[in-house]
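The structure appears below as structure tokens.
The values are calculated or read from the model by the stated rules, or taken from the named source; none is laboratory data. In this text, all values refer to a predicted model and were calculated from it rather than measured experimentally. In this analysis, Cβ positions are derived from the backbone assuming ideal geometry, glycine residues included, and neighbour counts consider all displayed protein chains.
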Amino acid sequence: MKRSKVAMGSLAAVMLTLSACSNAATEGQVSTQVKETSGEKVELRAMWSGTTSRHERTLKVIELFEKKYPNIKITPEYTGTDQFGEKLNTQLAGGNAPDLINIGGITDLVVKDAVLDLTPYVKNKEINLDSIDPAYSDPGKMNDKYYGISLGTNGIGLFYNNDLIKKAGMQPPKDTMSFEEYEAYGKEVVSKLGPGYYAFADQSRYNLYFQYFLRQSGKSTYKDGKLDFTKDDVVRWFTMWDRMRKAGLLPTPEEAATYTDLSVDTSIFPKGKTVFMMSWLNQLTAYQNAMKDELQLTALPSGGSGAKNGLWVHPSQFWTINKTSKHPKEAAMFINFFINDEEATKVLGSERGIPGSAKVRDMIKPTITPTEQKIYSYFETYISKAGVKDPDLPNGAEYANAMVSASQKVMFGKATIEQAAQEVMDAAEKTVNRK
């Protein structure tokens, strides 16, 4: 189905970066027991986005929670990822956002003073983080206060269609290959597959992968209150993608602008005509479920000899509580149940990322699918040894939108790479300098 080219891409880029009152437990134990409530009927609204699988699993956990706490009713509000950002911003502006907001990054919500400080709930174990490694829970902090509770650990990897590689009569890529080596590999695989096939999804528009690209040279998007990249970095990024586009390794500009790679429903990858695509690890299951071809997972292209590892440990999703919620205690109860209840964690599995709790990981490992096993193996091999996440660019939506707009201008020949890079820099500098 055709979609608005720039609008769809802009929302996609924004979101891509984008996702119980308990009695005191004994030391080292996790408790989901809560103090007796008054029995007063409480209604909460909970908002999230994602795939059908995520919706179904979350609804099941809500059902389990309501069974345990029959006086609390949770009304779900879920959308596709493309619509989530616009809907949430509209609700926040109108003062009618949900009590519970499940989001991929907390920075903008904290800057807008839209979410509650959850530190008191964590300190008194109403949200019990005892079994979660601080390396996985601390990304929910800003200014040493908890504003988000991490629901899992994620990272980015390179998905590839193994059936297409077999069809081309080639060996799978090595996990040490550089961007340049992948270009050469892509040319060979496309020449063997023939017309209508592409080596890579065009992901030049996404600031997420640009951030990975920067980290390989020891840079980041934002550091110490300043931009940590230059126009030359953006030029190198766009030039690489433009070279592959002109070599026929990417979908046509018309195809690339029609699809986004934010979710299965809007991606070109499930069509079975593209060999490689970068994505969040937890999305492998959704893509595999949507395809007959066998998918595999490997390391992202390296920056070549002497380059740094660009990967980082990424919190996949957070639960936050709306600062204006009339029932923050009950909202905290739900979050605690979500991350600690044994039955709930089994239902959720690793759909929102690999759980930060070693106890939960061990508990669900026997039940994971072969596809989820690939995710766990990748995580243990690459992500568990990766660096920490860089700070998000404040007011980053404008910068993300500029990356989309500029990349599409290059795609369609509406701007030179130099002009497009300057557009990105202007937007990035504007967001940093905005008071």
Q | Pick from region 108-142, criterion touching a strand residue (DSSP E or B) at 6+ places or on another chain (Cβ under 7 Å) and among the polar types (S, T, N, Q), ranking: nearest to Phe337 (Cα to Cα) | A | Asn128
**Q.** Extreme residue, nearest to the chain's Cα centre (by Cα), among residues of region 346-376 that are polar (S, T, N, Q) and closer than 20 Å to Gly155 by Cα
**A.** Ser350
Q. Hey, among the residues in region 73-91 that are crowded, with 20+ Cβ neighbours inside 10 Å and more than 16 Å from the chain's Cα centre (by Cα), which one's farthest from Gly39 (Cα to Cα)?
A. Leu88
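Residues are listed down the side, and each one gets a yes or a no for (1) assigned to a helix (DSSP H, G or I); (2) out of contact with any helix residue (DSSP H, G or I) (no Cβ under 9 Å at 6 or more places or on another chain):
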{"position": "Asn309", "(1), (2)": "no, no"}
{"position": "Thr324", "(1), (2)": "no, yes"}
{"position": "Glu330", "(1), (2)": "yes, yes"}
{"position": "Asn336", "(1), (2)": "yes, no"}
{"position": "Ala344", "(1), (2)": "yes, no"}
{"position": "Ser350", "(1), (2)": "no, no"}
{"position": "Arg361", "(1), (2)": "yes, no"}
{"position": "Pro366", "(1), (2)": "yes, yes"}
Q | Pairs with Cβ under 8 Å, 6+ apart, first in region 223-247 and on the phi > 0 side of the Ramachandran plot, second in a helix (DSSP H, G or I) | A | Gly225/Val432
(Q) Can you say whether Asp130 is of a type in the set (D, E, K, R), modelled with pLDDT under 95 and not in a helix (DSSP H, G or I), as far as the supplied structure shows? (A) yes
